[in-house]
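Down below is the structure, laid out as structure tokens.
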Amino acid sequence: MEIKHVPLEHLHIQLGAKMVPFAGYNMPVRYSSDLDEHHTVRQSVGVFDVSHMGEFKIEGPAALDLIQRVTSNDAGKLVDGQAQYSCLPNETGGIVDDLIVYRIREDDYLLVVNASNIAKDWNWLARYNTQGAVMKNMSDDMCLFAVQGPKAVAVLQRLTPVQLAGIPYYHFVIGEFAGEQQVIMSNTGYTGAGGFEIYVHKSKAEKIWKSIFEAGAPEGIKPIGLGARDTLRLEKGFCLYGNDIDDTTSPLEAGLGWITKFTKAFTNAPALRQQKEAGVSRKLVGFKMTDKGIPRHDYILKNAAGEVIGKVTSGTLSPVLGIGIGLGYVTAPYAQPGSEIFVDVRGKALRAEVAKIPFV
């Protein structure tokens, strides 16, 4: 498969980033160290270039109807300037992708999807677009910078007349930013550390990136790679598509019942409703290692008797807690917080405890 390139790749290379293939793109995995970058975001402010993400405009009188039929959450409740976390259920109980739905105005929506699923999601939406909603794939024209951390709002406020502190979580404003118009400033993020995501046309991306770094110089702002992005999202228990959710995992098993609204008709709703009523046989849980060790993707989970009860979907050493943490699917009897489980680490059964998420 041909590797794609984000518009600011040359800048990341200049900044000394280690570049790796990720989701079909050449992406910065780290600039200094994962640990340093993680703590920068938790304590101060850092910037992720996540321009590999996909953006689709859905417009016209049939836009909401299409979104309602393909997503699990109820987009009919959105008001202008509001965003919503949702997923695209498939017809066999799994998830095509998770995404964010932005309502710009009536009949005008932006869907933000995972980079690895851009073509898959586009084809899925097109297949269900029977009423003639206008679909535009903006993915190659947009850049997305996630400016995250407790000092992010103070830094970004120097670049815009929009009062960022007044924008609630999962809301956004389109306005002037760093001297450019029509920039989306969205109070969303994937770190749990606070901050905004900035959507800009690729022609303005380099200017805006440099403006953010000039504005954040007093706070010691740093570029952050995908390595720290993964440990940050894991400390908050946020799902990663392809690891914790995929075509075989139901949103109810994944703990995403809160974005699965049976107040409307959507793909596979009757089967998911039935699953909700019957109860799921396995659940995605968070767990903390009580023995010393680091859980990794696909490690087997067992009970005290050595029986297989599930597997790890994501795992790491938490930079904040200093212990191994993970997400994984376990059979329902072991899903309660406090349950003792064992992680098979190279043939050794290491103790862990099911924990409430977020971990941090």
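Structure data summary
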read-out: Answer residue from the stretch 316-360, given it is on the phi < 0 side of the Ramachandran plot and among the charged types (D, E, K, R) and is farthest from the chain's Cα centre (by Cα) among those; value: 348
read-out: Matching residues, the stretch 43-71, being closer than 29 Å to residue 318 by Cβ and surrounded by fewer than 22 Cβ atoms within 10 Å (Cβ to Cβ); value: 43, 44, 50
read-out: Matching residues in the stretch 319-336 - criterion: being of a type in the set (Phe, Trp, Tyr) and not in a strand (DSSP E or B); value: 334
read-out: The listed residue being at pLDDT 95 or above and in contact with a Ser or Thr (Cβ under 6 Å, 6 or more places away or on another chain), out of 73, 117, 26; value: 73
read-out: Selection status of residue 23, small (Gly, Ala, Ser) and either in contact with a helix residue (DSSP H, G or I) (Cβ under 6 Å, 6 or more places away or on another chain) or farther than 30 Å from residue 105 by Cβ (or both); value: yes
read-out: Checklist (1) closer than 21 Å to residue 331 by Cβ; (2) polar (S, T, N, Q); (3) out of contact with any Pro (no Cβ under 9 Å at 6 or more places or on another chain) applied to residue 314, failing item; value: (3)
read-out: Enumeration of residues in the stretch 269-300 that are among the β-branched types (Val, Ile, Thr) and buried (at least 17 other Cβ atoms within 10 Å of the Cβ); value: 280, 285, 294
read-out: Residue check, residue 262 outside the structural domain of residue 10 (by TED's automatic domain parsing), surrounded by 18 or more Cβ atoms within 10 Å (Cβ to Cβ) and aromatic (Phe, Trp, Tyr); value: no
read-out: Answer from 73, 114 - the residue that is under 21 Å from residue 258 (Cα atoms) and over 13 Å from the mean Cα position of the chain (by Cα); value: 73
read-out: Count of residues meeting criterion [crowded, with 21+ Cβ neighbours inside 10 Å, more than 11 Å from residue 145 (Cα to Cα) and over 18 Å from the mean Cα position of the chain (by Cα)] in the stretch 174-221; value: 4
read-out: Residue ID - surrounded by the most Cβ atoms within 10 Å (Cβ to Cβ), chosen from residues in the stretch 153-165 that are over 14 Å from residue 186 (Cβ atoms) and out of contact with any Asp or Glu (no Cβ under 8 Å at 6 or more places or on another chain); value: 159
read-out: Number of positions in the stretch 337-360 that are closer than 26 Å to residue 190 by Cβ and either outside any strand (DSSP E or B) or modelled with pLDDT under 95 (or both); value: 6
read-out: Meets criteria (part of a loop (DSSP other than H, G, I, E, B), surrounded by 13 or more Cβ atoms within 10 Å (Cβ to Cβ) and in contact with a strand residue (DSSP E or B) (Cβ under 9 Å, 6 or more places away or on another chain)) for residue 316; value: no
read-out: Check on residue 309, among the β-branched types (Val, Ile, Thr), within 20 Å of the chain's Cα centre (by Cα), closer than 21 Å to residue 245 by Cβ and not in a loop (DSSP other than H, G, I, E, B); value: no
read-out: Failed item in (1) over 21 Å from residue 327 (Cβ atoms); (2) in a helix (DSSP H, G or I), with residue 262 passing the rest; value: (2)
read-out: Top-ranked residue of the stretch 301-313 - restricted to ones that are of a type in the set (D, E, K, R) and surrounded by 14 or more Cβ atoms within 10 Å (Cβ to Cβ), ranked as nearest to residue 43 (Cα to Cα); value: 311
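The values are calculated or read from the model by the stated rules, or taken from the named source; none is laboratory data. If you're wondering where the values come from, they're calculated on a predicted model, not measured in any experiment. Counting neighbours? That spans all protein chains shown, and the Cβs are built from the backbone with ideal geometry, glycine included.
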